[in-house]
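Please read the structure below before turning to the comments.
The values are calculated or read from the model by the stated rules, or taken from the named source; none is laboratory data. Given the structure is predicted, the values throughout are model-derived calculations rather than measurements. Note: ideal-geometry Cβ built from the backbone for every residue, glycine included; neighbour counts use all protein chains shown. Keep in mind that these areas ignore ligands, DNA and RNA; they rest on the heavy atoms of the full protein, side chains included. Shrake-Rupley method; radii C 1.70, N 1.55, O 1.52, S 1.80 Å.
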Amino acid sequence: MSKRKQKIDPKQMEFDWDFPSKLEKVLHDRKTIQENVAAGPPKKEKTENEYDLCVLLAAGVKKAVNKSGLSRDQVVDGINAYFGRNQEDANKDEGICRKPLTLHMLNNYLSKPADCPMPAYYFFAIHHITKSLEPAKVLVEAEGAKIATGSDIRQMALGKLEEHIVEINKLKKEIKCQR
């Protein structure tokens with residue numbers, strides 16, 4: 001045996017023996033994501049009737065209101081404020097604004113959606129007031145799509161950036177090999 005002492009740097013990392021399996025998992029996940037992106041959203045079947053859609057939309061609005069913690073009175077006030085509706089302007093013959101939404105009407109929209117469907121323009125105000133995209137999710141999921149949040153969009157941008165970096169590195173290797 002050698003009499004020389006082995007000098008091991010305490011800062012040196014140990015080899016991670018699980019690394020190959022972790023790498024395989026990452027590569028598999030990445031391949032799955034790329035296949036899903038290439039395939040696009042699944043195609044939805046047509047609904048049997050429009051009443052089911054009205055019920056789904058009302059459920060989405062109810063979910064948005066419940067998640068926001070606002071009462072229905074507050075939602076009604078918010079919708080009227082969003083559209084600038086008030087009783088004084090509605091009483092004028094000039095037709096400046098429509099009559100303000102009432103709690104009774106909102107309750108009808110949410111509890112009897114097949115008999116009293118909610119007008120689509122209310123969704124703009126509901127999204128703004130509740131800060132929830134639940135009603136929009138109902139609309140886009142009908143076509144097999146999904147809503148992307150800000151963090152989802154940032155993750156997608158990072159993925160695209162990584163994809164471009166990989167492509168640049170491939171091109172660099174090809175150019176070096178041609179020398």
(request) Please state which one of LYS137, LYS170 is assigned to a helix (DSSP H, G or I) and touching a Gly at 6+ places or on another chain (Cβ under 7 Å). (result) LYS137
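Please enumerate the residues belonging to region 74-93 that are of a type in the set (Phe, Trp, Tyr) and either outside any helix (DSSP H, G or I) or modelled with pLDDT under 90 (or both). It would help to see each step written out before you state the result.
Of region 74-93, the ones of a type in the set (Phe, Trp, Tyr) are 82-83.
Across region 74-93, the qualifying residue is only PHE83.
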(request) Output the residues belonging to region 119-171 that are under 11 Å from the mean Cα position of the chain (by Cα) and small (Gly, Ala, Ser). (result) SER132, ALA136, ALA145, ALA148, GLY150, SER151
(request) Identify, by number, the condition in (1) open to solvent by less than 40 Å² (accessible area, probe 1.4 Å); (2) over 23 Å from LYS146 (Cα atoms); (3) modelled with pLDDT of 90 or more that LEU103 doesn't meet. (result) (1)
(request) Within region 112-132, count every residue that is open to solvent by 40 Å² or more (accessible area, probe 1.4 Å), in contact (Cβ under 8 Å) with a residue 40 or more places away in the chain and either under 20 Å from GLY69 (Cβ atoms) or out of contact with any Cys (no Cβ under 8 Å at 6 or more places or on another chain) (or both). (result) 4
(message) Take the residues in region 133-144 that are open to solvent by 40 Å² or more (accessible area, probe 1.4 Å) and of a type outside the set (Val, Ile, Thr); name whichever of them is farthest from LEU103 (Cα to Cα).
(response) GLU143
